[in-house]
Every structure is written in C-alpha cells, then in structure tokens.
Amino acid sequence: MSISRKTRRDIFDELRVQHIRWWGTLEEAGFLSRLYDLTQLPSNDPRFSNAEGDIRQHRDLNSDWPDDWVYDDGRFELMSGPDEVFLDFLCEVVHPVVRKDQDEGDRLVHLGNEYLAYEGWKLVPGKLIAGRPIYTYTQIDSAIEQPRFTVSNFDDLTRNPESLIATLANFFLQTGNLRLSEVLSASLGQIQLSGSDSWDGGSWWYLLILQIPTDLYASIRNEVDELGKTILTTTQEFLQQFPSHAITQVVIQPALVAPAGWRRRGVALPSNEMIAHELSVWGFPGFRLFISHVASHKKQVSELRCELSKVGISGFVAHVDIEPTKEWQDEIWAALRTAEALVALITADFHGSNWTDQETGIALGRDKLVVSVKIGAAPYGFLGKSQALPGTLEKPQQLAFAIARALARNPRTSDSMRESLVAAIESAADEDVVSQIAAILAECPNSTREQAKRILATIDEWIFVSDPVRVIIDALRRNILETYPDLKDQPG
C-alpha cells in the first residue's frame, strides 16, 4: 500500500464534512456492485448470506448504518487495501452515471487530486459518455506535479479564491471548528473590490463573498454575523504578506439559483414537509413515485427502482418483510403524503398483504394518480376502474419505461413527469436510455420553450449513435421545431 491511511482518511473526511453522498443517485448496493461482487463478500448480519443482503437491510430498509459506513468496512478494503481498490472507488464516486451534477463531480476530482498528488497519483479523464469524462488514474512524479494553487500576488487570489477558501476550510477542520469548515467547503467564493486609496502608493479593500446552499444558510442564519467575523479575523491573519491589499468584510449569503421545475415542486408540496423528507425519503428530486408491492418481490422491485431513476423517477419502495416499526411507518406515511403518484404492482399475493391495500387506499383518498401494473393478477376494487399496464418484474427496464410513458401521458402528471424526463435525458449516460426518453418526449408534446432548448442542446451532443436511435432523436427534434421554429438556429 503506497497511499497512506492519512491521505485516505483526509479524503473521506472531506466527503463527510461536505455531506457528499458517495453513492450519488444510485442505491448503495447498486453502486458497490459496479466495483465488487457483493454475493461473494460475507455478511456482517447472521440473517443474510452475503454483503448485498445486509447492505439492503441496514441501508435501504432500516437506515440504521451511518452514511459513511463503507469507508471503514474492512470488506471493501478502502482504508487498508491496494491503491487500485481505493482509486477505483474514487473514480466511481465521480462517474457520470453516479454524479449527475457535473460541477460537483469536477470539484470532487480537484479535491481528490490535491491529496493524491502528494502520494504520486492523479485522477485523469478517460473516454467520454454524453460529453462527460469517465475518470481513471495514473501515477505522477509527486515531486514535480503538484496541483495546489500557489499565490504569488493578490491578483492571483482575486482570480482564484479557491486557494484561500481551501486553506481556511482545512484550518478550521484541523482546529475542530467543523461548522466553519462545512460552510467554507460548501461555498462558492468571490473576492470583490470595495474601495481604494491612492495615498502612499495605494491601498485596496475587498469583500470576500461566500455563497452557500440555501438549506445550509437557513441552518446558520442566526450565526451568520459571528461566523463571518471569525472567518475575517483568520483571513486577515493569513494574508499579512499583502500589506496594500486587505479583505475588510466577509459576506455569507445563500446562492441565488433556480433549480429546474422549482415552481412545480413548490406548488405540489403539502406545507413544508417535503423540505425535511426529500433527501431522506426520496433518493433525488425527480418525479416522486410511491411503489406499492409485496415484500417477497423486494429484490426485483429494487432493480425496477434503479431503472426508474434513469428516467427521472425517484421511487419509494414501500415496506420490508418484517412488521414495520413506528419509525418506518412514519416514513411510509411521509412518502404517501408527498408522492406525486403511486404505482401498484399487482402480483398474485398483492391482495394478501397487510399494507398494500392501505397504501393504495390512502393514495386514492388523497386524489393521487394510481397506476396499476398487472403482474400475474388483475386489479380489483377501485384499482379496477382504470386499465392496468401489462408488465413483468423480470424485465425491469422495459417496465420502468412503460411506467414513465404512462405518467407522461396522463394529464394529471404530464407536466411534472415531462420536467423529470428532460432532466433525465440531460444526464443520461447511454444511448438506449436516451432513445427511450426521446421516444416518450416525442409522444408527449407541450414542452415549454426552456425545456425545448434544453432538449435540443442535449440531443445535439449525441452525434455518434446507432441508426435506430438517430431516427428517434431526429423525430423528437422535428416535433420540437414544429412547435418552436425559431429555435432551429439557436447556438449550441
């Protein structure tokens, strides 16, 4: 092992402080299955025969392991195994399929390389998918190639404040001020000139502006002034080598961003409950679909949930094969309240469950769209009022696209689903997914102008595709340009 435990620990500590979900948009078992054969790794829980079983139990179902459990789990050798095992894990964390936010992925690569350079390694871009690199790694001469940014004059600092912010974040982490380290690590910084004086050769004064995510800002709102003063005092201590240039004020403010579909999601939320539950109950902010099923099919349903995520659907898997605890019932209730629709997987044993009828009844009572999928049994009662989708759990990808198409076609969910499909095609990593989403979007017009521009920009990046996929993409482009002919000559 040449990469030290300290460097590995430092990188994992950065991920902890910045609240990075290492598994990204995937389920944790799904993420790890891309690197390990989980069926061949032992279980730490005697109830299960392999690692996949205990991961799904303790993370997907019970959530009684901490988010960072994998870093110190000896089965995966991240702290003490070969360099290649550790580096493969880091590359997977920033893989386009895992990390949908390209800016976040780029930032994590830069962060990792700052530590790895001193160990003689570097993450480097490899082949592209959908215009984004899949990272691999290479050895470097650590005595020559150092990615750390060195400040030689104050102009360097104003052009690239990352060096100052990184130094401050690391300092507060080392001195135990985790709150300030978290704020700095999550921030986008800017140094802005606020005043000057020509006396005695000139003096210049600056603002350090730190923009942070809104949820983080809300949690520190009452402390902002004190936190800013502490950052300012430390900043002035660190920049004494520039006597003519001084940062005189630190401003911490929420980043002013408008996520796609924010108006739709804001209107759909009952009170403020979704704010608290979106990250814990729903895997990511896509179309919120409650999946009602019988526990005996949970493995296949987990595979379906993974396929649904590729088309922008955040699926909630309803329950486990044991009597739910009070906390788990609360989670089910929260998901039912905040779901945009429910899909009922009608298997032969569906009606015999203690929970599925209650789940579908609550959804119908709250006037949510319920989509029935006929899997070996016919819908019954109120579920039988509308035509069911035919389907099989043996083909999760095919079923996922059928569900997405049904949601996109239904007037009650079409607007919300369309936005999720647009976001999904923007982050799609293979042409099969792109072609399926494109086909659904072509069948369901009425995209907004902004959505149309985003779709065109995305499909224009898919240049080298098979002929059948090209036909579908071209059909979608024609449909859009018939509605918005002025977009034909838009740049990019």
field: Extended-chain gain in nm, criterion 0.36 nm per residue less alpha-carbon gap, Asp68 and His297
entry: 79.6 nm
message: Could you order the peptides 459-465, 73-79, 108-114 from most to least packed, using the average number of other C-beta atoms within 10 Å per residue?
response: 108-114, 73-79, 459-465
message: Please compare each pair in Lys100/Lys122; Lys100/Lys299; Lys298/Lys368; Lys299/Lys374; Lys122/Lys453; Lys385/Lys453 to a cut-off of 27 Å on the Cα-Cα distance and tell me which ones are over it.
response: Lys122/Lys453; Lys385/Lys453
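Students often check this: by mean Cβ neighbours within 10 Å, which of 286-293, 469-476, 308-315 ranks highest, and how do the rest follow?
In decreasing order of mean packing, 286-293, 469-476, 308-315 become 286-293, 308-315, 469-476.
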message: Tell me which of Leu304, Ile231, Asn410 sits at the most positive position along the dipole axis of the chain, charges placed on C-beta atoms (Lys, Arg +1; Asp, Glu -1).
response: Asn410
- prompt: Which angle between 0 and 90 degrees, to the nearest 10, do you get for helix 356-365 versus the longest principal axis of the chain when only C-alpha atoms count?
  reply: 80 degrees
statement: For the chain the mean separation of alpha carbon contacts under 8 Å (6+ apart) over residue count, i.e. relative contact order in percent, is 10 percent
query: What does the charge count near Leu232 come to, summing +1 for each Lys or Arg and -1 for each Asp or Glu among other residues with Cβ under 12 Å from its Cβ?
result: -2
- request: Please report, in debye to the nearest 20, how large the charge dipole of the chain is about its Cα centre when each Lys and Arg carries +1 at its beta carbon and each Asp and Glu carries -1 there.
  value: 1520 debye
- prompt: Points 7 angstrom from Cα along the Cβ direction at Asp197 and Asp13: gap in nanometres?
  reply: 4.0 nm
query: Between Leu184, Ala117, Trp205, whose Cα lies farthest towards the positive end of the dipole of the range 110-238 when Lys and Arg beta carbons carry +1 and Asp and Glu beta carbons carry -1, centred on the Cα centre?
result: Ala117
field: Estimated FRET transfer efficiency (Ala378, Thr39; beta-carbon r; R0 22 Å; 0.05)
entry: 0.05
query: Using the per-residue mean of other Cβ atoms lying within 10 Å as a proxy for protection, in what order, highest first, do the peptides 123-132, 392-401 fall?
result: 392-401, 123-132
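Counting only other residues whose beta carbon sits under 10 Å from that of Ser466, what net charge do I get with K and R as +1, D and E as -1?
Values: positive: Arg470; negative: Glu431, Asp432, Asp467.
Summing Lys/Arg as +1 and Asp/Glu as -1 gives -2.
Just so you know, all these numbers are worked out from the coordinates, no wet-lab data involved. Computed from a predicted structure; not experimentally measured. Cβ sites come from the backbone with ideal geometry, for glycine too, and all protein chains shown count toward neighbours.
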